[in-house]
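Notes to accompany the following structure.
The values are calculated or read from the model by the stated rules, or taken from the named source; none is laboratory data. Just so it is clear, the model here is predicted, and its values are computed rather than measured. Please note: Cβ atoms are built from the backbone with ideal geometry, for glycine as well, and neighbour counts cover all protein chains shown. These accessible areas exclude ligands, DNA and RNA; they are computed on the full protein's heavy atoms, side chains included. Shrake-Rupley method; radii C 1.70, N 1.55, O 1.52, S 1.80 Å.
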Amino acid sequence: CAASRVEYQKIYDLLSIEGLIERGESFYNPYLNGIIEDLESKGLAVESEGATAVFLEGYTNRDGSPLPMLVRKSDGGFNYATTDLAAIRHRVEMDRSEGGEKADRVLYVTDAGQSQHFDMVFAAAKMAGLVPESVSLEHVPFGLVQGEDGKKFATRSGDTVKLKDLLDEAVRIAGEDIKSRMENPDEELSDALADVAKTVGIGAVKYADLSMNRESNYKFSYGRMLSLNGNTAPYMLYAYARICGIVRKATDQVDTENVVWPDARDIIISHDSEKQLIRNLVKLPDILSEVESDLYPNRLCDYLFETSQKFNQFYENCSVNNAETPELKASRLSLCTVSAATIKLLMNLLGIPVVEKL
């Protein structure tokens, strides 16, 4: 309903989600009868106890009897499977001139409990000729978010935790942490620092979720996700801001609002830590290709954390500002620039903006 959409939009705005096209179940209603007719004409849909069902090879009930995939109830109503098949037709088979999308890859991001449902829907769609060989239908399952006690994540009263409340609390905690490091902790945050708190708080929630194997259950903890230590958003944001500070100091930009990154220079390897950082940085195309193929964003997070650690080792062993020669300083500034660009790119891919000062 309209009221719900207003509240949803508030969440989308908080998460910086743009460009969504909403299509509810009712959008596919005009295509449902056509799906049933096609399934029946091809001998795939048959009557079963007054309903209409598709029986797929390899799917059975616990007692060994064939497991039906219902596409029409005995009262004439339709099922989720029918809507999903209609959606596949719209997304894959129908021409754009007819309002279709002609997608070659369709991702279904839902909880792992729906895996069998989508396996059956995809199998039926292929048998019905709705999916060409060139098209990939993929279920992208995710696990459950649990409380720190390992049980269902809920409020103290047992209610479901609302996402907006969760995000607001993360921003509040991040803001309190910033205040604790101010000269006068009782002062209100400036607009600029409030924006930083929002970036850190919401980024922490996003990163905590995406840094876990999406198929695993994980325990939600504000303390862990907002920590400046370990594979967390605050750690990565700090790593980026730290590189900005190094470049500012080495290029006399201490008072500038935004860092002007130096031009690339020839790389000179004078220490093993430089070589290790370079070896890590050149992995980026392979990491991106792997994530695009397998859809495990936690690998981006692992690579981010590894990159920040390699950079720290480089910086501990290789002075930038006090490099032995101008050429070596320029080389090390180039490594700083590429490291920062890599962190920024991957954080943005995760939906998290970076900040130059933290």
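Structure values in brief
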item: Residue, surrounded by the most Cβ atoms within 10 Å (Cβ to Cβ), within region 73-110, restricted to residues that are in a helix (DSSP H, G or I) and free of Cβ contacts under 8 Å to residues at least 24 places away in the same chain; result: ARG91
item: Residue among LYS275, LYS283, LYS310 that is within 23 Å of LEU358 (Cβ to Cβ), basic (Lys, Arg) and open to solvent by 40 Å² or more (accessible area, probe 1.4 Å); result: LYS310
item: Among (1) in a loop (DSSP other than H, G, I, E, B); (2) of a type in the set (Ser, Thr, Tyr); (3) more than 25 Å from LEU295 (Cα to Cα) - the single one SER16 does not satisfy; result: (3)
item: Residues of region 234-255 classified as in contact (Cβ under 8 Å) with a residue 40 or more places away in the chain and among the polar types (S, T, N, Q), total; result: 1
item: Failed item in (1) farther than 23 Å from GLN146 by Cα; (2) open to solvent by 20 Å² or more (accessible area, probe 1.4 Å); (3) touching a helix residue (DSSP H, G or I) at 6+ places or on another chain (Cβ under 8 Å); (4) touching a residue at least 40 places away in the same chain (Cβ under 8 Å), with ASN258 passing the rest; result: (3)
item: Options GLU22, GLU47; residue that is of a type in the set (Asp, Glu) and part of a loop (DSSP other than H, G, I, E, B); result: GLU22
item: Members of region 216-233 found to be open to solvent by 50 Å² or more (accessible area, probe 1.4 Å) and touching a residue at least 24 places away in the same chain (Cβ under 8 Å), listed by number; result: SER216, ASN217, LYS219, TYR222
item: ASN184, sole failed condition from (1) surrounded by fewer than 15 Cβ atoms within 10 Å (Cβ to Cβ); (2) not in a loop (DSSP other than H, G, I, E, B); result: (2)
item: Any hit, region 111-119, residues being within 18 Å of ASN29 (Cβ to Cβ), surrounded by 14 or more Cβ atoms within 10 Å (Cβ to Cβ) and hydrophobic (A, V, I, L, M, F, W, C); result: no
item: Residues that are more than 22 Å from GLY99 (Cα to Cα), surrounded by fewer than 17 Cβ atoms within 10 Å (Cβ to Cβ) and either within 37 Å of the chain's Cα centre (by Cα) or of a type in the set (Val, Ile, Thr) (or both), drawn from region 22-54; result: VAL46
item: Count of residues meeting criterion [surrounded by 12 or more Cβ atoms within 10 Å (Cβ to Cβ), more than 23 Å from GLU93 (Cα to Cα), of a type outside the set (A, V, I, L, M) and in contact (Cβ under 8 Å) with a residue 12 or more places away in the chain] in region 120-161; result: 7
item: Residue identified as in contact with a helix residue (DSSP H, G or I) (Cβ under 9 Å, 6 or more places away or on another chain) and not acidic (Asp, Glu) among VAL161, VAL135; result: VAL135
item: Odd one out for GLU356 among (1) out of contact with any Asp or Glu (no Cβ under 7 Å at 6 or more places or on another chain); (2) at pLDDT 95 or above; (3) open to solvent by less than 60 Å² (accessible area, probe 1.4 Å); result: (2)
item: Where LYS126 falls short, out of the listed (1) assigned to a helix (DSSP H, G or I); (2) touching a strand residue (DSSP E or B) at 6+ places or on another chain (Cβ under 8 Å); (3) under 16 Å from ASP38 (Cα atoms); result: (2)
item: Qualifying positions in region 55-64 - part of a loop (DSSP other than H, G, I, E, B) and either among the acidic types (Asp, Glu) or within 37 Å of the chain's Cα centre (by Cα) (or both); result: ASN61, ARG62, ASP63
item: Unmet criterion (only one of (1) buried (at least 18 other Cβ atoms within 10 Å of the Cβ); (2) among the aliphatic types (A, V, I, L, M); (3) not in a helix (DSSP H, G or I)) for ILE246; result: (3)
item: Unmet requirement for ASN213, which otherwise passes all of (1) out of contact with any strand residue (DSSP E or B) (no Cβ under 8 Å at 6 or more places or on another chain); (2) surrounded by 15 or more Cβ atoms within 10 Å (Cβ to Cβ); (3) outside any helix (DSSP H, G or I); result: (2)
item: Pairs, first within 15 Å of ARG172 (Cα to Cα) in region 182-193, second open to solvent by less than 60 Å² (accessible area, probe 1.4 Å) and at pLDDT 90 or above, C-beta under 7 Å, six or more apart; result: PRO185/LYS179; LEU189/GLY175; LEU189/ILE178; LEU189/LYS179; LEU189/ALA197; LEU193/ILE178
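Yes or no, residue by residue, for (1) under 34 Å from the mean Cα position of the chain (by Cα); (2) within 15 Å of TYR240 (Cβ to Cβ); (3) crowded, with 16+ Cβ neighbours inside 10 Å:
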site: TYR315; (1), (2), (3): yes, yes, yes
site: VAL320; (1), (2), (3): no, no, yes
site: CYS336; (1), (2), (3): yes, yes, yes
site: LEU345; (1), (2), (3): yes, yes, no
